[in-house]
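The values are calculated or read from the model by the stated rules, or taken from the named source; none is laboratory data. Given the structure is predicted, the values throughout are model-derived calculations rather than measurements. All Cβ positions, glycine included, derive from the backbone under ideal geometry; neighbour counts span all protein chains shown.
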Amino acid sequence: MTEQKPYEYDMTYQKMRSLFRAAERNHQHLTGYIVFSQASFNKPYSLESRTYVVSSDNKAYRPNMGGYSIYADSLDGSNQNVRLEQYMSAEKGGPDGWQIERCYMMSDEVEKALSILPKEQEPER
């Protein structure tokens, strides 16, 4: 029997943030991906350069933290340890900040997140 590979599961940033917060309240970590729109930049970047790997293990998603930060790395490795919350329009980047084109998690991470949810109330939509 062959093992099925995880697939990409699209969701809004708000849904991902909600799942991340639920995971951290239950002392678990999740990983997701945020793709920023090419229109957010003044020169062309590849899809891999505009895609950032984000962990729920960031202050923005953890309860009772003194600060608020979201560190992430670009998928191609060209941009490491970027404080995304400063650039993202959906966070503290303001209306001229980077616009999210797509958010996704791999299906195995979604399954992990859903196993946490019975302990939690349904996340806000």
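What the table below lists for this structure:
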| quantity | calculated |
| --- | --- |
| Candidates Asp96, Asp76, Asp108, filtered to the one that is modelled with pLDDT under 95 and closer than 20 Å to Tyr7 by Cα | Asp108 |
| Thr51 being touching a residue at least 40 places away in the same chain (Cβ under 8 Å) and closer than 16 Å to Met105 by Cα | no |
| Residues located in the stretch 1-52, provided they are touching a Leu at 6+ places or on another chain (Cβ under 6 Å) and surrounded by fewer than 17 Cβ atoms within 10 Å (Cβ to Cβ) | Glu48 |
| Failed criterion for Glu91 (all others in (1) surrounded by 18 or more Cβ atoms within 10 Å (Cβ to Cβ); (2) part of a strand (DSSP E or B); (3) in contact with an Asp or Glu (Cβ under 6 Å, 6 or more places away or on another chain); (4) not polar (S, T, N, Q) hold) | (2) |
| Met65 being in contact (Cβ under 8 Å) with a residue 40 or more places away in the chain and of a type outside the set (S, T, N, Q) | no |
| Selection status of Arg83, touching a residue at least 12 places away in the same chain (Cβ under 8 Å), among the charged types (D, E, K, R) and more than 18 Å from Leu117 (Cα to Cα) | yes |
| Lone qualifier among Ser18, Ser56, Ser40, Ser46 - being farther than 18 Å from Ala90 by Cβ, touching a residue at least 24 places away in the same chain (Cβ under 8 Å) and hydroxyl-bearing (Ser, Thr, Tyr) | Ser46 |
| Residues that are more than 16 Å from Tyr45 (Cβ to Cβ) and surrounded by 18 or more Cβ atoms within 10 Å (Cβ to Cβ), drawn from the stretch 68-88 | Ile70, Glu85 |
| Flag if Ser69 is assigned to a helix (DSSP H, G or I), at pLDDT 95 or above, within 17 Å of Tyr87 (Cα to Cα) and among the small types (Gly, Ala, Ser) | no |
